[in-house]
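The structure under discussion appears below in the form of structure tokens.
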Amino acid sequence: SARTSAVLRVSRLPLVRSALQSVMTAYSGVKGRYPLLGLVGGVAEVGIRSISYEAMRRATPLLQSLEPQIKVANSYALVGLDRLERNFPILNQSADEVRSVLHIRK
């Protein structure tokens, strides 16, 4: 779609963005507190980056050939996302705001 990609829009939702940030902060904290886990996590991150790069390199021709179908799927996903945002305004709140409303401690 000319508007944006559905995946990008979902990643920009305050609830999704703040929840992912919380997970990344916790992961970084664990890596910092436990050096062995930090080492293992760092090695795993390098491996995942390498695998992801290679997968994207190999998938690019296929993705380019499927571009018209991907555009149609994206446009349906954007319509669904519009409905979700209308029906679930909680998606536009941060994880901290949701926790405070639900009285959940970190």
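Worth pointing out:
- Count of region 91-106 residues which are among the hydrophobic types (A, V, I, L, M, F, W, C) and surrounded by 14 or more Cβ atoms within 10 Å (Cβ to Cβ): 3
- Helices (runs of 4 or more DSSP H) completely within region 16-106 that count 1 or more residues being touching a residue at least 24 places away in the same chain (Cβ under 8 Å), under 21 Å from Ser5 (Cα atoms) and within 22 Å of the chain's Cα centre (by Cα): 67-87
- Lone unmet requirement of (1) under 30 Å from Ile104 (Cβ atoms); (2) at pLDDT 95 or above for Lys31: (2)
- Per-region count, region 1-15, residues part of a loop (DSSP other than H, G, I, E, B) and either touching a helix residue (DSSP H, G or I) at 6+ places or on another chain (Cβ under 8 Å) or over 30 Å from Ser75 (Cα atoms) (or both): 5
- Region 1-28, residues that are over 27 Å from Arg105 (Cβ atoms) and of a type in the set (Gly, Ala, Ser): Ser1, Ala2, Ser5, Ala6
- Condition met for Ala59 (surrounded by 12 or more Cβ atoms within 10 Å (Cβ to Cβ) and over 30 Å from Arg99 (Cα atoms)): no
- Filter result (of a type outside the set (A, V, I, L, M, F, W, C) and farther than 30 Å from Val30 by Cβ) within region 42-70: Arg57, Arg58, Thr60, Pro61, Gln64, Ser65, Glu67, Pro68, Gln69
- Residue-level check: of (1) exposed (fewer than 11 other Cβ atoms within 10 Å of the Cβ); (2) of a type in the set (Lys, Arg); (3) under 19 Å from the mean Cα position of the chain (by Cα), Arg9 misses just (1).
- Ala19 meets the stated requirement of being surrounded by 11 or more Cβ atoms within 10 Å (Cβ to Cβ) and under 30 Å from Pro89 (Cβ atoms).
The values are calculated or read from the model by the stated rules, or taken from the named source; none is laboratory data. Computed from a prediction, not measured in an experiment: that's the story for all the values here. For neighbour counting, all protein chains shown are included, and Cβ atoms are generated from backbone atoms with ideal geometry for every residue, glycine included.
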